[in-house]
Amino acid sequence: MVLPPGTNGTVTSGAPRLALHAISRRYGGLQALDGASLNAAAGEVHALVGENGAGKTTLMKIAFGLETPDSGTMTLDGAPLAPRSPRDAMRAGIGMVQQHFALVDAMTVAENVALGGTGTLDLHATATLITRISADAGLPLDPHARVGTLPLSAQQRLEIVKALARNTHTLILDEPTAVLSPDESRDLLTWARRFADDGGTVILIAHKLREILSIADRITVLRRGRTILETRADATTETALAHAMLGLTPLAVRDKDGRRHTSIALRPTNPIITLRGVTATDENGAERLRDATLGVHAGEILGIAAIEGAGQRELLRVMAGRLTPLRGTATLPASIGWVPEDRHRDAVVLDATLLENLALRGAGSRKGLVAWNTLRGQAAAMMRERDVRAPEPNTTMRQLSGGNQQKFVIGRELADDPRALVVENPTRGLDIRATTSVHDALRAARDAGTAVVVYSSDLDEVLALADRIIVVAGGRTYDVPNDRDLVGRAMLDA
Amino acid sequence: MTRTHAVTRPLLDLLLAGVLAVAVLSALLAISGYSVRDALSALWQGAFSSWSVIASGTLLRATPLLFTGLAVAVAFRAGILNIGAEGQLLLGATAATAMAIAVPASFGLIGTMLALCAGLIAGGAWAFVPALLKVRFGVLEVISTIMLNVVALNVTGLLVRGPLQEPTRTFPQSPLIEQALRLPRLMTGTRLHIGFALAVLLAIGMAWFLHATASGFRLRMTGANSRAASSAGGVDVTRVTVLAFVLSGALAGLGGAVEVTGVTYALYENLSPGYGFTAIAVALLARLNPIAAVGSAIVFGALEAGASAMQREAHVPAGMVGVVEACVILMLLASEWVGERLASTTSWNRGAPPRTPEPSSVSAAPTPPSP
C-alpha cells in the first residue's frame, strides 16, 4: 500500500458490517479489480473514490451480487457473504442504487416498490408502507405517481425507499449526486448521514472530493483495481485524496496558476479547428459544455483530460462535426476523422465486410454507384499500411480482434487525409501491442500535419500522447501545462 | 458470412425447406388419418404436373408473394419490420382498380401502366404513414403496420360496397376491368401474366440496387447499424428509413395492382389470402436476398397451388399447408441458430465476440397465417 505522507492509513477495529477482501475480477484483457478490499462499519458513511475505470462500480456490483468475483472473500457482520444475484444480496440486507435506475417508467411508485416482492400483491398496503417510510426518512414521494413522470431526484428517492422497504441496512449509492442539483445533493447527503447515525451503513461512490470530505466518515481509494488508501475522512485532505486517486507525486502542493481558461493561441498559421464560445447539450438537452473557446493547430496532438461527464463528450463531438453547438461557432475543416469510444456501436458495422466498413466513410454524400473495385484496392492497401490482420477485404468485421478493428477504424478515418482527427478513448479494451500501434498511428498523423485531438479516461495516456493539454471540468475548458499534478488537480477541482 | 455464403446458403435453404415441408406434411397427414400418398400426389399434381399447371398454378400464386416478399425483404434490410405488406397490397389493388375503371378502355396498355402506377403510389403512400409515425414519434412499426392492415382491409370493404361497387349493386366487388386494360399473358394458353416477369425483373433490380448503388448501400448499413451509419458514414438515417419504408410499401402496392389487373380483374374484400403475411416467410426463407426471394416465392406458390389441389382431390383441408409453411419457417430459424453455433466453433478467430442476431433472424417474426 502506497500512502502519501501526511495521511493516516488507519483500519477500523471490530468486525465491520461489510468486509470485502482481496477481490479480483477480470474482463477479457482487462483486470478490473486486482485484489481490492473495502471495510465499511455499521453507522458509517463510507466513501469509495477513484478515477474512471478504477473499479469502484465493479467492486460494488460484486457486493450486490450483480457480478461474481474471480477470487477474494466477502463477509457481512462476520458471516461469509457470496450473493449470486441481487436477490441474495437484498435478502442479506444490502441494497444498491445504480447510476441507471432499475425502475419501470410505466408503473406507479407503489407498483415499482411491490415489484420483486413475494406473496399476494396489495398495492394499498404498499402505498401505506411507502408513505410511512418516506415520512420517516424525510424522502417525500407520492406512491401513486407514475415513475416516468417523476424527475430524476424523485426516482432516486424511490430507489432508496425501495431498498428501505426491504429492510436494507447497507445501502450502496453509485454516484448519486451526478443527477442532482446542489440543493438536492445536500438533501440526499443529509439523509445519508441520518441513515448512518441510526445504525445503517452507506457506501457512496463519488467523484467530488469536497463533498466526500464533508459527509464521509471513512474513505477508500481505488486505483487501477487496487485499494490504495483507506483512511478516516478527518485524517486526510483533498490534495492527499487526489494524489492517491491519480497516483500523483506527493510534493504537488501548488497554487492554481496551472489552470486558466482556454483561448485561441496565436500562431503563424490559423488553427484547423476553431471553437468560439461554444455551448453544447447532451441528448437529454442538459448543457454539458459551456462557452468553450479554443483552437487546434496542424501538426499538434491536443490532449483532453477530464473526469466522466465533465463535458468532454460534447466537446469532442462538436470538434468532430457530429454535434451542432447550441450557441457559439465551430469552424471545422471539410473532412475530419472521428474515432468514437464505442467502436461496435458508433464506428463499425460488425456484420458487414471490411470493404463495406471502409465504404461507410462518406456514405452519406456518395452518389450513384459504389465503386467496389476501386474501394477493394484501397481497402487492401490501407490494411497493409495499417497492419490490419485479416485474410481479405471481404472478411466480416466481427471476425477481427478489437485491436485490428481499431487499427482499421483509424486507418479508415485517415484514408482521405483529413485535416483533423478526433479520437475518444482510442485504446480502451486493447492489449499493449495494439495500444502501441494505435499510439504510433496518432503520432504519425500528427507528424504528417494533421490536427489531432485525443481524449482518454486514462490520464497517463493523455499525458504521454499530448503536445498540449486542456482540461474539461464542470463544462469549462482550461489550459493546463503538461504536468501530471496540475492536470490532475484541474480535473478534480470542478 | 462471406460473399459465397450469401449466395449458396439461401439455395441450400430452399432445398432444405422443400424437404422439410414434405416431411412435416407427411407426418401431419399420417397423424390426421389421410392417405399420405394420395395427398402428396395431389399436391404435386396441383403444383408441378405440367407446364400449364406450373404457370397457371405455382408461378401465378408466386407472383404476389414475390412482390410482397421483396417489399418485406427491402424493409427488413433497412431495419424496418414492415408487417403491413398486406394492407399496402390491398390499397395498391384498390387504387389500381379505381384507375382502371376511370380510364377509357381505349387507353389500352397505357391505361394498364397508369393503373400499376396508381397501385405503386398508393402502397407507398400507405407505408409513409407508419414511416412518419416511426421517425417522428417513435411508434413501433410492427404495431402501426398491423393496425393499418385492418384499416386498409376495411377501407377496401367500404369502397367495394360504395363508390367502387359494380353497377348492379348486388355483390361487394368492383366492376370487371376492361379486357384492354388487363395485363397481357406471358404464356399463351395459361393464366400466367406479364406481372411475373415484372416481379422477377424487380428482384434482379433490387439485388443490383442493394449491392451496387450508394443509396442501396446506405439502406443496408442503416439496417445493420444505424448509429454507425450516422456517426461514421454521415448517413441521414431518418431519410433512409422513410425512403426504404415507402419503397417497401410501393412494391407491395404494385403487387396488389398486378393482382387485380392480371388475375382477378376486379377488386373485392378478400382479394388477398394473406399474401402480405406469407411474404414475411418468403423474405425470411430467402434470408432477405432478393434473388433468392424468387425461389422462395415459388416454393410457397407451389405449396399454395398444391394445397388447393389437395383439398379438391384428396379432401385434405388447405389449412394443413399453412401449418406446414409455419413449421418450415420455424425450422429454418432454428437451423440458422444451429448454423451460427457451428460457424462460431470453426471460426479461425476464436476471440471474436458472440454474434448478436442480425435482422434476418428477428425472433419476433410472425409465422404466416393459414391461407
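The values are calculated or read from the model by the stated rules, or taken from the named source; none is laboratory data. Just so it is clear, the model here is predicted, and its values are computed rather than measured. Reconstructed Cβ throughout: ideal geometry from the backbone, glycine too, with neighbour counts over all protein chains shown.
General remarks:
- Residue pairs whose Cβ atoms lie under 8 Å apart, separated by 6 or more positions or on different chains, with the first residue in region A:394-411 and without any contact (Cβ under 8 Å) to a residue 12 or more places away in the chain and within 10 Å of chain B (Cβ to nearest Cβ) and the second outside any helix (DSSP H, G or I) and aliphatic (A, V, I, L, M), are A:Gln399/A:Ala390; A:Gln399/B:Ala352.
- Among the residues here, B:Leu202 does not qualify as among the aliphatic types (A, V, I, L, M), modelled with pLDDT under 95 and buried (at least 18 other Cβ atoms within 10 Å of the Cβ).
Matching residues to (1) among the hydrophobic types (A, V, I, L, M, F, W, C); (2) under 18 Å from A:Glu424 (Cβ atoms); (3) facing chain B (nearest Cβ under 8 Å); (4) touching a residue at least 60 places away in the same chain (Cβ under 8 Å):
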| site | (1), (2), (3), (4) |
| --- | --- |
| A:Arg343 | no, yes, no, yes |
| A:Leu350 | yes, no, yes, no |
| A:Leu355 | yes, no, no, no |
| A:Leu358 | yes, no, no, no |
| A:Thr374 | no, no, no, no |
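- Qualifying strands (runs of 3 or more DSSP E) (wholly inside region A:273-375; at least 1 residues being closer than 30 Å to B:Thr213 by Cβ): A:336-339
- Residue under evaluation A:Ser456, criteria (1) at pLDDT 90 or above; (2) surrounded by fewer than 22 Cβ atoms within 10 Å (Cβ to Cβ); (3) of a type outside the set (Val, Ile, Thr), criterion not met: (2)
- Residues of region A:14-27 that are over 23 Å from A:Thr201 (Cβ atoms) and under 19 Å from the mean Cα position of the chain (by Cα): A:Arg26, A:Tyr27.
- Within the option set B:Gly223, B:Gly253, B:Gly216, being under 24 Å from the mean Cα position of the chain (by Cα), touching a residue at least 24 places away in the same chain (Cβ under 8 Å) and within 14 Å of chain A (Cβ to nearest Cβ) holds for one residue only, B:Gly223.
- Looking only at region A:422-433, and only at residues there that are out of contact with any Phe, Trp or Tyr (no Cβ under 8 Å at 6 or more places or on another chain) and surrounded by 20 or more Cβ atoms within 10 Å (Cβ to Cβ), the one that is nearest to B:Ala229 (Cα to Cα): A:Pro426
- Tally of residues being more than 27 Å from A:Gln31 (Cα to Cα) and away from every other protein chain (no Cβ under 13 Å) across region A:415-439: 4
- The set of residues from region A:14-50 being at positive phi, surrounded by fewer than 20 Cβ atoms within 10 Å (Cβ to Cβ) and out of contact with any Gly (no Cβ under 6 Å at 6 or more places or on another chain) comprises A:Gly14, A:Gly28, A:Gly35.
- Enumeration of residues in region A:146-161 that are at pLDDT 90 or above and either exposed (fewer than 15 other Cβ atoms within 10 Å of the Cβ) or farther than 25 Å from A:Pro182 by Cβ (or both): A:Arg146
- Taken as a whole, the structure leaves B:Phe209 outside the set of residues that are without any contact (Cβ under 8 Å) to a residue 24 or more places away in the chain and at the interface with another protein chain (Cβ under 8 Å from one of its Cβ atoms).
- Single match in B:Thr188, B:Thr145 (criterion: surrounded by 19 or more Cβ atoms within 10 Å (Cβ to Cβ), out of contact with any strand residue (DSSP E or B) (no Cβ under 6 Å at 6 or more places or on another chain) and β-branched (Val, Ile, Thr)): B:Thr145
- Counted residues, region A:389-436 - those being over 21 Å from A:Asp447 (Cα atoms), at pLDDT 90 or above and hydrophobic (A, V, I, L, M, F, W, C): 1
- In summary, helices (runs of 4 or more DSSP H) completely within region B:11-126 and bearing 3 or more residues that are over 25 Å from B:Ser272 (Cα atoms) and either touching a Pro at 6+ places or on another chain (Cβ under 8 Å) or not hydrophobic (A, V, I, L, M, F, W, C) (or both) occur at B:36-48.
- Any hit, region A:291-304, residues being within 14 Å of chain B (Cβ to nearest Cβ) and more than 16 Å from A:Val454 (Cβ to Cβ): no
- Top-ranked residue in region A:27-70 [being part of a strand (DSSP E or B) and within 19 Å of A:Leu459 (Cα to Cα); ranked as modelled with the lowest pLDDT]: A:Leu30
- Residue match in region B:173-187 (condition: within 14 Å of chain A (Cβ to nearest Cβ) and among the basic types (Lys, Arg)): no
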